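Beneath this line is the structure, given in structure tokens, with notes to follow.
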Amino acid sequence: DTAVSQTPKYLVTQMGNDKSIKCEQNLGHDTMYWYKQDSKKFLKIMFSYNNKELIINETVPNRFSPKSPDKAHLNLHINSLELGDSAVYFCASSPHTDLYYNEQFFGPGTRLTVL
Amino acid sequence: AQSVTQPDIHITVSEGASLELRCNYSYGATPYLFWYVQSPGQGLQLLLKYFSGDTLVQGIKGFEAEFKRSQSSFNLRKPSVHWSDAAEYFCAVSNNAGNMLTFGGGTRLMVKP
């Protein structure tokens, strides 16, 4: 069974559209994350949720809205897509927020291409 | 704020040769440091981590890393590289609260037969 899954794996869309990426973890973890990896492979955290509550928001434009309906899911909705949003988006989860004692498990990524 | 630099964007080694990937960090206190590996088309996997204690830490897949405070470095090593080690390697440091990682730019490792 896949521990952290993301759908879709690939997403190609036009500028200005609204799209969502879904993430689910079946590990029973309390904490979930969204990361963005740009074309130069730079990986940067966007959001972190613990028990469905937002705990980290790293100056992400408000066109990006994470939603956590329950502890096992953290979806990412993006409004008015721009060319610069093209990237690979990774979801991750960890048992709790302390990352030294709690390993992060990453999903396979969603490659978003905005045309 | 914390930061991480990986000076080498690409490294190519021959299979069976030794490997060292460099990582330099900037952080005021004793850092939490991590190495992750990303295989093509995959998410990241934790190789090893350091917080305190023995400055030489062992990880999975035969990797080790050494923390050197005087050099602000946390270099990753492997004595004998296998073709399956070809991947992207990321060094990371956590923030004060320990709940957020800042990643370096990554080093792409290629392995020659």
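The values are calculated or read from the model by the stated rules, or taken from the named source; none is laboratory data. For clarity, every value in this text was computed on a predicted model and none was experimentally measured. Cβ sites come from the backbone with ideal geometry, for glycine too, and all protein chains shown count toward neighbours. To get the accessible areas, we keep the full protein, side chains included, count just its heavy atoms, and leave off ligands, DNA and RNA. Shrake-Rupley method; radii C 1.70, N 1.55, O 1.52, S 1.80 Å.
The criterion of at least 2 residues that are within 20 Å of B:ASP8 (Cβ to Cβ) and touching a residue at least 12 places away in the same chain (Cβ under 8 Å) is met, among strands (runs of 3 or more DSSP E) falling completely within region B:43-109, by B:44-50, B:64-68, B:73-78, B:87-94, B:101-103.
Here B:GLN42 passes the criteria (1) within 14 Å of chain A (Cβ to nearest Cβ); (2) over 23 Å from A:CYS91 (Cβ atoms) except the one numbered (2).
Contact map, region A:34-52: residues that are at the interface with chain B (Cβ under 10 Å from one of its Cβ atoms) paired with residues that are open to solvent by 60 Å² or more (accessible area, probe 1.4 Å), Cβ distance under 7 Å, separation 6+ or inter-chain. Pairs shown: A:TYR35/A:LYS44; A:SER48/A:ILE55. Take the residues of region B:4-23 that are within 29 Å of A:ARG111 (Cα to Cα), away from chain A (no Cβ under 12 Å) and out of contact with any Lys or Arg (no Cβ under 9 Å at 6 or more places or on another chain): which is surrounded by the most Cβ atoms within 10 Å (Cβ to Cβ)? By that ranking, first place goes to B:CYS23. Among the residues of region B:26-74, not one is in contact with a Gly (Cβ under 7 Å, 6 or more places away or on another chain), of a type in the set (A, V, I, L, M) and open to solvent by 20 Å² or more (accessible area, probe 1.4 Å).
Can you tell me which of A:SER80, A:SER65 is more than 8 Å from every other protein chain (Cβ to nearest Cβ), surrounded by fewer than 19 Cβ atoms within 10 Å (Cβ to Cβ) and on the phi > 0 side of the Ramachandran plot? Sole residue among the options that is more than 8 Å from every other protein chain (Cβ to nearest Cβ), surrounded by fewer than 19 Cβ atoms within 10 Å (Cβ to Cβ) and on the phi > 0 side of the Ramachandran plot: A:SER80.
So which residues in region A:88-115 are open to solvent by 10 Å² or more (accessible area, probe 1.4 Å), aliphatic (A, V, I, L, M) and under 18 Å from A:PHE47 (Cβ atoms), if there are any at all? Across region A:88-115, the qualifying residue is only A:VAL88. In region A:10-52, how many are open to solvent by 80 Å² or more (accessible area, probe 1.4 Å) and modelled with pLDDT of 95 or more? Adding up the residues that qualify gives 8.
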